[in-house]
Amino acid sequence: MLPSGLPEDVGDDELVARFARHDSKYFKRPPYRPKRDLFMPPRDSTDLSVSRVSGKDEKVIREIGEHVVAQAGDKLCGWCTITAGKVRAIKSLGVVSDEPDDHHHFHAHISGFPVKLPLIVPGEKSELIQVCEDLAEEASDMSLVGG
C-alpha cells in the first residue's frame, strides 16, 4: 500500500489525469480536446507524470492539479483523463505508481515513450509524435478551470 492508501499496482480500469498549465498549447478550443503536446514527455525522458484520480470528484481532482502545477510555479488551466488500460493499449506504454514522498500522493508515470530522435525524415511523423497523438485521441475532453 502506498502513502496515499492506493495499491501499488495501477489497474487497467483506473483513471489517470494529465494536468494542463497553458491552455492554448495543450488543448483545442471547442470542443476542448487535448492536443498531443499535453502528452509529450520532457526532453530526454521516457516518462510522463500523471495523477491517479479514480473515484475522485471534480473538486478533488482540481485540488490535486493545483498542487501539481504549483510545484512548477504555474496555475492550473484544466485536465483530461484516460484509463490506464487505454494507455497500455498504445505501443509499449505502461502506467506505474510513483509516490516518493508525502508531497506526491496519487502520483504515477506513463512510461515507455519512444526516445526522441533529433532527425526525422520530412513528411513523416516520429514514433513519439504518433504515440502522443494516440494518447490525446483516447483521452477525455478537457475539464477547464475558470478564469
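Just so it is clear, none of the values below were taken in a lab; they were calculated from the coordinates. All values derive from a computational prediction rather than experimental measurement. Here Cβ is always computed from backbone atoms with ideal geometry, including for glycine, and neighbour counts include all displayed protein chains.
For this structure, a couple of remarks:
- Its Cα centre serving as origin, segment 15-142 has a Cβ charge dipole (Lys and Arg +1, Asp and Glu -1) of approximately 420 debye.
- Long-range lysine pairs (8 or more apart or interchain), the chain, Cα under 22 Å: 19
- Rounded tilt (10° steps) of 127-138 against the dominant C-alpha axis of the chain: 50
- From most to least packed by mean Cβ count within 10 Å, the peptides 6-15, 55-64, 85-94 give 85-94, 6-15, 55-64.
- Loop-located chymotrypsin sites (Phe, Trp or Tyr not before Pro) in segment 38-147, at most 11 other Cβ atoms within 10 Å (DSSP): none
- Helical content alone sets the calculated 222 nm signal of the chain at -6500 deg cm²/dmol, taking -39,500 (n - 2.57) per DSSP H segment of four or more residues and averaging over every residue.
- With θ taken as phi - 60° and the Karplus curve 6.51 cos²θ - 1.76 cosθ + 1.60 applied, the whole-hertz 3J(HN,Hα) list for segment 75-85 is 10, 6, 9, x, 7, 10, 10, 7, 7, 4, x Hz, x standing for glycine and proline.
- Using a Gaussian network model of the chain in which every pair of alpha carbons under 10 angstrom is joined by a spring, one finds that among Arg43, Arg33, Arg21 the greatest mean-square fluctuation is at Arg43.
- Normalising by residue count, the chain has a Cα convex hull of 118 Å³ per residue.
- Mean projection area, nm², convex hull over Cα of segment 75-115: 4.1
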